[in-house]
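The values are calculated or read from the model by the stated rules, or taken from the named source; none is laboratory data. All of these numbers come straight from a predicted model, not from anything done at the bench. Backbone-built Cβ (ideal geometry, glycine too); neighbour counts: all protein chains shown. SASA here: full protein model, heavy atoms, side chains in, ligands and nucleic acids out. Shrake-Rupley method; radii C 1.70, N 1.55, O 1.52, S 1.80 Å.
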Amino acid sequence: MTRPVLEVEDLRVRLRTPRGPADVVNGLSYSVGPGETVAVVGESGSGKSVSVLALLGLLPARIATVTGRALLQGEDLLTMKPARLREVRGAGAGMVFQDPMTSLNPVLTVGRQLVEGIRAHGDVDKATARRRAAELLGEVGLPDPEGALDRYPHELSGGMRQRVIIAIALSNSPELLIADEATTALDVTVQAQIIDLVEKLKQERGTGVIWITHDLGVVAGIADRVLVMYGGRCVEDGTVDDVLEHPAHPYTRGLLGALPDLARPLPDGSLPELATVPGVPPAPTDLPEGCVFWPRCPVRGDVRCETEQPPLVPIGPSSGALPHRAATWCAEGTLGTEGLEAFGTESPRGGGHA
Ligand SMILES: Nc1ncnc2c1ncn2[C@@H]1O[C@H](COP(=O)(O)OP(=O)(O)OP(=O)(O)O)[C@@H](O)[C@H]1O
Ligand code: SF4
Ligand SMILES: [Mg+2]
């Protein structure tokens with residue numbers, strides 16, 4: 001088996017907050033293979049962004065304690081010297097974060113930022129780097145790429161700025177690309193263009209991709225594997241087919257129920273009402289003792305759910321090389337349609353184990 005581009009083992013992040021310590025990421029383990037896209041999904045606050053910021057040493061040391069291992073091509077990002085980590089962030093790992101304003105330097109032109117990035121990590125002269133920069137801006141769908149090189153970030157729209165950041169992230173053909181809601185703010189045509197570009201990079205360079213998104217439609221289109229996060233934990237992961245077609249965790253089923261195209265049909269063949277997951281995610285300063293989803297789970301069972309944390313374990317046949325895993329006491333087989341129907345009920349307190 002080829003070596004993964006990234007192997008994360010037992011990643012934990014504790015943040016110091018005014019309300020006490022917050023356990024924001026709680027034992028995340030996964031890998032990203034060459035040319036593979038792992039989509040990370042989960043509600044707001046589930047720890048998706050913090051988990052990738054932690055990998056790249058981008059959380060302020062004064063508030064964050066990060067433990068575990070994160071091997072990028074065999075080198076541990078979490079114990080790397082700061083200088084090496086800066087090198088890796090420029091070349092080995094490209095990042096596109098949620099907020100385009102904070103990722104660009106407002107006093108440097110777009111061209112200068114791109115050219116400097118290209119030259120810092122490759123032996124190229126200025127003219128070649130500028131040509132490459134314009135090419136990249138064209139590839140991410142920016143109109144008049146040559147002209148854009150001489151503009152400052154504030155002269156561009158939010159969508160244009162986001163495309164510049166994507167161009168910078170791709171400029172050194174990274175081994176790992178982390179995209180955190182990278183295309184959410186862009187219109188669908190540009191989004192499709194960027195997804196094509198990332199596909200090309202995956203095929204040509206074997207780049208591994210972590211794609212964080214709220215958009216399950218995008219997940220279905222681009223992901224090879226899916227990791228579902230809740231309360232800082234992975235509650236389910238597997239191939240895109242395993243997770244979207246045979247979701248085992250009640251939370252995943254709830255998320256999918258919110259998307260009619262992917263919702264499980266009821267026994268009579270009809271689709272359920274648009275399901276939501278009632279309630280709100282737990283505060284990381286006050287996580288439930290047992291199953292992290294327990295307070296909201298519509299099919300929670302006996303006292304075990306409340307007191308014992310279910311481990312993330314293989315739960316049945318997998319359509320890929322890695323197992324389909326879920327962390328729930330109710331995953332022997334899958335829940336059956338009654339599991340999803342339960343999300344449509346008034347009270348999330350009904351039922352026992354399927
Ligand atoms: N600098 C910080 N200080 C204190 N708490 C933080 C900080 N950054 C994040 N958190 C908390 O960590 C938890 C996870 O945040 P994170 O940004 O990773 O969520 P997310 O899954 O990316 O959500 P979204 O989908 O809204 O982007 C949240 O409860 C958030 O309030
Ligand atoms: S059935 Fe129990 S273990 Fe499974 S998700 Fe619900 S509360 Fe958690
Ligand atoms: Mg986020």
- Item | Within the chain, longest stretch free of exposed trypsin sites (Lys or Arg not before Pro) [DSSP loop, at most 11 other beta carbons within 10 Å] | 63-354
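So between Val280 and Glu9, what do we pick up on full extension, going 0.36 nm a residue minus the alpha carbon distance?
Between Val280 and Glu9, full extension yields an extra 94.8 nm.
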- Estimated 222 nm signal from helices in the chain, with DSSP H stretches of n ≥ 4 weighted -39500 (n - 2.57), rounded to 500: -9000 deg cm²/dmol
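Express the carbon and sulfur contribution to the solvent-accessible surface of the chain as a percent, rounded to the nearest whole number, probe 1.4 angstrom. Don't jump to the answer; show the numbers that get you there.
Numbers: 8420 of 16010 Å².
Carbon plus sulfur share of accessible area: 53 percent.
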- Item | Within the chain, percent of DSSP bridges classed antiparallel, to nearest 5 | 65 percent
- In straight Cα distance, which aspartates and glutamates are under 18 Å from Lys126, not counting same-chain residues fewer than 8 positions off? Glu116, Glu135, Glu146, Asp150
- Restricting to lysines and to Cα separations under 27 Å from Lys48, and discarding same-chain partners fewer than 8 apart, the set is Lys81, Lys200, Lys202
- Highest-MSF residue in the chain out of Ile166, Ile212, Ile195 [GNM, Cα springs under 10 Å]: Ile195
- Amide H neighbours of Tyr230 under 5 Å, at least 5 residues apart or on other chains, H built in the peptide plane: list them. Val235
- Item | Rough spin-label spacing in nm, given labels placed 7 Å along Cα→Cβ, for Glu87 and Glu306 | 5.5 nm
- Probe 1.4 Å, heavy atoms of protein chains only: per residue, the accessible area of the chain in Å² is 45 Å²
- Cα Rg, Dmax, the chain, angstrom units: 21.2, 68
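So, R0 is 41 Å and r is the distance between the beta-carbons of Asp187 and Leu108; what FRET efficiency does that work out to, to 0.05?
0.95
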- Note on the structure: In this structure, the FRET efficiency calculated for Lys200 and Thr67 from their beta-carbon separation, with R0 = 35 Å, to the nearest 0.05, is 0.45
